[in-house]
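Beneath this line is the structure, given in structure tokens, with notes to follow.
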Number of protein chains: 4
Amino acid sequence: MDDPSEIARRTAAAMERADAAARGAGIRLVDVGPGTAAVALTVAEQHLNGHGICHGGYVFLLADAALAYASNSHGVSAVASGADIAFLRPGALGDELVATAVERVLAGRSGLYDVTVRAGDAVIAEFRGRTRQVPGLAAPG
Amino acid sequence: MDDPSEIARRTAAAMERADAAARGAGIRLVDVGPGTAAVALTVAEQHLNGHGICHGGYVFLLADAALAYASNSHGVSAVASGADIAFLRPGALGDELVATAVERVLAGRSGLYDVTVRAGDAVIAEFRGRTRQVPGLAAPG
Amino acid sequence: MDDPSEIARRTAAAMERADAAARGAGIRLVDVGPGTAAVALTVAEQHLNGHGICHGGYVFLLADAALAYASNSHGVSAVASGADIAFLRPGALGDELVATAVERVLAGRSGLYDVTVRAGDAVIAEFRGRTRQVPGLAAPG
Amino acid sequence: MDDPSEIARRTAAAMERADAAARGAGIRLVDVGPGTAAVALTVAEQHLNGHGICHGGYVFLLADAALAYASNSHGVSAVASGADIAFLRPGALGDELVATAVERVLAGRSGLYDVTVRAGDAVIAEFRGRTRQVPGLAAPG
């Protein structure tokens, strides 16, 4: 019950059920562990902007979903206080985008997470999220 | 034809027609001018995360849409190279979120835009976007 | 005694006396008020990098000093949790750089401040600082 | 002559001689390689702010120096267009701060570098720098 990997999986499963926004955007949970997570999105017509490429907002949303799973993986509720994203290459219709989050530092209740969004081997975006644990907050779901 | 306000309006109208992602997310163009734009989103069930509040990804997408209109308003195509967002207050179901973009600096082809997302008078998020003009890029739409 | 402008001035004066780093770097306090501050630096040989222009680190240090004065101006100790800076133009030997800080939002104990660094009318850098009030912390000096 | 490690070392040596700002701030080059660098600073009285801890501006300057060595290590001039820093723990008088830069992505002429500043094992700050290669720019020094 106290196994960190098991805590990460149970928390993520509850979050996945409760997160209508991520589900409606087409985001799927791929993997989760203590301080890490991977999520995926297949770029569809609904994600395209006027240039015919994946809207940066959906690239961010995907990275933000990875951040949410990774930062809540320890079983203590955490919320994002902010993030920076660098857009490096466009995502095309049909691309399978995978966002991988890694905990860089957790100092007290403040965390920093690096999230890389890739299409195959190509890096689409680099994201760094800032989180704060909120022990009093009810777990998602 | 060369009136800056008219160029901003025509460019925005073309972008709005072409941007399936922003439209599908429920984002509406409210106002646009040279270097400025305002867009709105009414928080619906589709935007809620597991905490029952507006997903940060949709708050970002709204701010990013304002950035796109403002940075393309001069009639030269511009793309976002990155952005930073600070999440200050949650957005609730039914809230009317309005994102207002202002051009802070345009130095050569590089631009910085400040976008504030509000629900009424309350500031939900502060976003700063980095753009680069790409004269060779076809206009959206 | 409770006049906000007077509180800002007294706090800044105490900070200026105590801040060996800013003084040694050549930074001078120009103006301060509730939520605002201006500081200046004349670019000297000691500030030049290998390209013969003002080192970005000193441009940041100047902006950070403005942030410190502005965020502590309410008479409650505040510390920077982070900042983003965009370098727009180089600062040259002999330039008088002025950094002006404005409080963008103060939500609970968390603040955001915009700092613009100029040489005359030219914008050298745009900085956005994130702060947190720490009421238990002794005032600087 | 074309060995990447040798190019990195020669470029760094020329930069070190030319960079009066970093030298005057007390920054020492520790190590450099293709896309990486480590620099160090011993916190002295000249670096202390009014709280008696290392001024955030000098923590940034140290990280920025690591960024400069790492981003110029390929023998093509590169300049910083911006950076974000998160301050996690204070640096104390006498601390030996070491900043380690790692190239995260180099896409065309745009680079992203992660720089971690540590005192022993404790992480003092996390920095992410954005660079742009400028082939026409004369090498530092």
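The values are calculated or read from the model by the stated rules, or taken from the named source; none is laboratory data. Model, not experiment: these values are computed from the prediction. Because the Cβ atoms are built from the backbone with ideal geometry, glycine has one as well, and the counts that use them run over all protein chains shown.
Here C:T11 fulfils each of the conditions (1) away from chain D (no Cβ under 12 Å); (2) more than 28 Å from D:G26 (Cβ to Cβ) apart from (1).
If the condition is being free of Cβ contacts under 8 Å to residues at least 40 places away in the same chain, buried (at least 18 other Cβ atoms within 10 Å of the Cβ) and aliphatic (A, V, I, L, M), then segment D:84-118 contributes D:L88, D:L112.
Does segment D:26-48 hold any residues that are at the interface with chain C (Cβ under 7 Å from one of its Cβ atoms) and either assigned to a helix (DSSP H, G or I) or crowded, with 24+ Cβ neighbours inside 10 Å (or both), and which are they? Spell out how you get there, then give the answer.
Initially, segment D:26-48 is screened for residues at the interface with chain C (Cβ under 7 Å from one of its Cβ atoms), giving D:45-48.
The answer is D:E45, D:Q46, D:H47.
Scoring A:V59 on the criteria (1) in a strand (DSSP E or B); (2) more than 21 Å from D:V115 (Cα to Cα); (3) under 13 Å from the mean Cα position of the chain (by Cα) leaves a single failure, condition (1). Here B:H51 passes the criteria (1) at the interface with another protein chain (Cβ under 8 Å from one of its Cβ atoms); (2) in a loop (DSSP other than H, G, I, E, B); (3) touching a residue at least 40 places away in the same chain (Cβ under 8 Å) except the one numbered (3).
Looking at this structure, is C:A12 farther than 28 Å from D:A66 by Cα and either assigned to a helix (DSSP H, G or I) or without any contact (Cβ under 8 Å) to a residue 60 or more places away in the chain (or both)? Working first, answer last.
Numbers: farther than 28 Å from D:A66 by Cα: yes; either assigned to a helix (DSSP H, G or I) or without any contact (Cβ under 8 Å) to a residue 60 or more places away in the chain (or both): yes.
In short, yes.
All told, D:R130 falls short of being without any contact (Cβ under 8 Å) to a residue 40 or more places away in the chain and among the charged types (D, E, K, R).
Screening B:G120 against (1) out of contact with any Asp or Glu (no Cβ under 6 Å at 6 or more places or on another chain); (2) away from chain A (no Cβ under 14 Å); (3) within 26 Å of D:R132 (Cβ to Cβ) leaves a single unmet condition, (3).
Residues that are closer than 25 Å to B:R109 by Cα and either crowded, with 18+ Cβ neighbours inside 10 Å or more than 9 Å from chain D (Cβ to nearest Cβ) (or both): does segment C:64-78 have at least one? Scanning segment C:64-78, I find no residue that is closer than 25 Å to B:R109 by Cα and either crowded, with 18+ Cβ neighbours inside 10 Å or more than 9 Å from chain D (Cβ to nearest Cβ) (or both), so the answer is no.
Criterion applied to A:G111, A:G94 was being more than 7 Å from every other protein chain (Cβ to nearest Cβ), modelled with pLDDT of 95 or more, touching a strand residue (DSSP E or B) at 6+ places or on another chain (Cβ under 8 Å) and on the phi > 0 side of the Ramachandran plot, and the one residue passing it is A:G94.
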